[in-house]
Amino acid sequence: MRLRLLDRYVLSELLYPFIFGIASFSSIFIASSMLFKLTQYMTKYGASGETIARLFMYSLPEVVNYTFPMSMLLASLMAFGKLSGSSEIVAMKSGGISYYRIVAPVLIVAFFVSMFSVVWAEKVVPAAKVQYGRILEYEIKKNTQRITYARRFDEEKGLMENITIEEFEKSHLARIQTAKQAYWENGSWRLEDGTVYTMNEAEGIKSTAKFKEQIIPLDVTPREISWEQKEPEEMTIRELREYISVLERQHQPTARQWCEIYMRISIPLASFFFAMIGAPLGTQKQRTSSSIGLGISIIVIFIYYAIMTLTTGLGKGGVMNPLLACIIPNLICLGAGVFLLQKKNA
């Protein structure tokens, strides 16, 4: 019972700085780069406030994903700085509780934050980036009038399956066509077993018409479609692996795609390793202020992302094994965390 009370007490000290970290680091990301881009889209392309607002919302998931590890580092630093400054860590150790046991609830929470972040990076971020790119390219830059989606694409057979085609007129969705299959024949795509939905901005679906076969004026060859893939950052891990298989059959380099897969896991796991570093760094004989904790966090974060930028750059360029390139920053954090924990437990 006493240890459960201890765990709740330690976690209560962790909660506020973690939320504060997400808010503060997100604000830094937004203020440093995002606001300038959004303002530029309004002045250069005349984007409406509603469009900019949606673009902003779709950019947040990626920002939040990067703030999880940073916030966990700041939270563990500030929480243990407060506990050690008021001599509560000393009192706990005097009561026979090891430093490892005191840190345990923080590491457990950090592990679950890492797992949540993995799911977030896989399920939320890619989908948000797709919508971000769609709004930017079509609604703001107006680079296309038709967007085509296909669940499966076979370049060699000239075949698409489960197709959805969205057609726009004057920045508004005018028609949606769906079809089970599409074949490339005589310089055009032949759709089979589909439905055409005519859209109205105010009423939604205005009319519906089914068809057995239809030729669409989509002058994009199977070869061109194979190179109009989403960016690796916009793909799920499953899509990345399928894309890698295609590239490997074509004897194309795949280091960039493998790095993207490994980064989807390594960056979220940084929450756990940052907690290993933050707790012992925050455990000082004198209570540290919030500004000192924030300063230490920024230094650690800068070193981590500097190393990550260097190693992943080498990995994407094929100079270093992609897996090794992506896990080196976390391995360094793991070694530093184990060393610091052992030192504080002595």
What percentage of the solvent-accessible surface of region 20-84, computed with a 1.4 Å probe over protein heavy atoms, is contributed by carbon and sulfur atoms?
68
When Rg is the radius of gyration of the Cα atoms in region 52-108 and Rh is its Kirkwood radius, what does Rg/Rh come to?
1.27
Mind checking the per residue accessible area of region 1-84 for me, 1.4 Å probe, whole number of Å²?
51
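Could you work out the local net charge near SER76, counting Lys and Arg as +1, Asp and Glu as -1, over the other residues with Cβ closer than 12 Å to its Cβ?
0
Could you do me a favour and compute the accessible area per residue for region 230-346, 1.4 Å probe, result in Å²?
Working: 6080 Å² over 117 residues.
With the other protein chains kept in place, region 230-346 gives 52 Å² per residue.
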Does region 32-169 come out rounded, prolate or oblate, given a ≥ b ≥ c as the square roots of the eigenvalues of its C-alpha gyration tensor, rounded meaning a/c under 1.5 and, failing that, prolate meaning a/b above b/c?
oblate
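Filter the chain for me: DSSP H helices, axial length by Cα at least 24 angstrom, mean Kyte-Doolittle hydropathy not below -1.0. List them by residue number.
Values: long enough: 2-29 (41 Å, 0.90); 49-85 (48 Å, 0.72); 99-119 (31 Å, 1.98); 255-282 (37 Å, 0.85); 290-316 (37 Å, 1.52); 322-345 (35 Å, 1.23).
Helices passing the filter in the chain: 2-29, 49-85, 99-119, 255-282, 290-316, 322-345.
Under the rule of -39500 (n - 2.57) per DSSP H run of 4 or more residues, summed and divided by the residues of the chain, what mean residue ellipticity at 222 nm is obtained, to the nearest 500 deg cm²/dmol?
On the way: 11 runs with 211 residues, N = 346.
Theoretical 222 nm ellipticity from helices: -21000 deg cm²/dmol.
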Along the Cα→Cβ direction, 7 angstrom out, place labels at ASN200 and GLN250. What is the inter-label distance in nm?
4.4
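Calculate the FRET efficiency for ILE307 and TYR100 from the Cβ-Cβ distance with a Förster distance of 22 Å, rounded to the nearest 0.05. Please list the in-between numbers first.
On the way: r = 27 Å, r/R0 = 1.22.
For R0 = 22 Å, the calculated efficiency reads 0.25.
The values are calculated or read from the model by the stated rules, or taken from the named source; none is laboratory data. Keep in mind that what you see is a predicted model, and the values were worked out from it rather than measured. So basically every Cβ, Gly included, is an ideal-geometry build from the backbone, and we count neighbours across all protein chains shown. For the accessible areas, the whole protein counts, side chains as well, though only heavy atoms, and no ligand, DNA or RNA atoms are used. Shrake-Rupley method; radii C 1.70, N 1.55, O 1.52, S 1.80 Å.
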